[in-house]
């Protein structure tokens, strides 16, 4: 058997998330259908992490195994000819048998895009941004700094996926301009992310930016470890899985996405 690693991008608008679900359209399901059409046998695809319904990706990493007879298949071109328009393969390569898209990952990066204008909204951006309105960006910047480092993120985890620990490390958290002057992108890189953790962090930052909470609120919530005390979860459509980093010894792994991103193999993603 040969192991293949893919980097994929998808528009999550019309998907019920990444993971297979009976009778529902998922990214994993579409990929497995396309691969099966090429191999003639059922193939299981393993992703670097899960994304919820409506969440996008341009750096999702997956792997799967095929028979040695399929090594000559031009996998990127073949899959893109079979996949629907809202998912595409950005890169395909053979990797060593010990490579695992989830367990070998070292860092992950996610982005979240905000629409900062209240007076109008570009309708074609509705599936890719959160129309939150104007924010105090200095307060947002101060708040982001409290997330950096190793913390217990229990206050920023939604229920649904059991984990052995809610401690994670955030390596970088920054913002930069979006596609227009009315958009802002938040980018976070961490060792792993709990269920809807990024969306919960963004929800808190927006509350601070609106003046409904103080920047110190982030530090207090991290200390309290109480999800019920934290602001509401940000909408799914602004979130995008930007990339995964495996390092030089990651059995063929490389940087993917806009920046390095890290996940130490823990499931229960944003």
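The values are calculated or read from the model by the stated rules, or taken from the named source; none is laboratory data. All values reported here derive from a predicted model rather than from experimental measurement. Neighbour counts are summed over all protein chains in view; Cβ atoms, including those assigned to glycine, are modelled from backbone coordinates with ideal geometry.
Enumerate the strands (runs of 3 or more DSSP E) found wholly within region 65-183, keeping only those where 2 or more residues are more than 22 Å from residue 33 (Cα to Cα) and assigned by TED's automatic domain parsing to the domain that holds residue 237.
107-115, 149-152, 167-177
Based on what the data block shows, is residue 38 closer than 22 Å to residue 105 by Cβ and not in a loop (DSSP other than H, G, I, E, B)?
So residue 38 fails the test.
Scan region 47-61 residue by residue and report those that are part of a strand (DSSP E or B) and buried (at least 21 other Cβ atoms within 10 Å of the Cβ).
47, 56, 57, 59, 60, 61
Mind listing just one residue for me: the one in region 76-98 that is over 19 Å from residue 245 (Cβ atoms) and out of contact with any helix residue (DSSP H, G or I) (no Cβ under 8 Å at 6 or more places or on another chain) and, of those, surrounded by the fewest Cβ atoms within 10 Å (Cβ to Cβ)?
85
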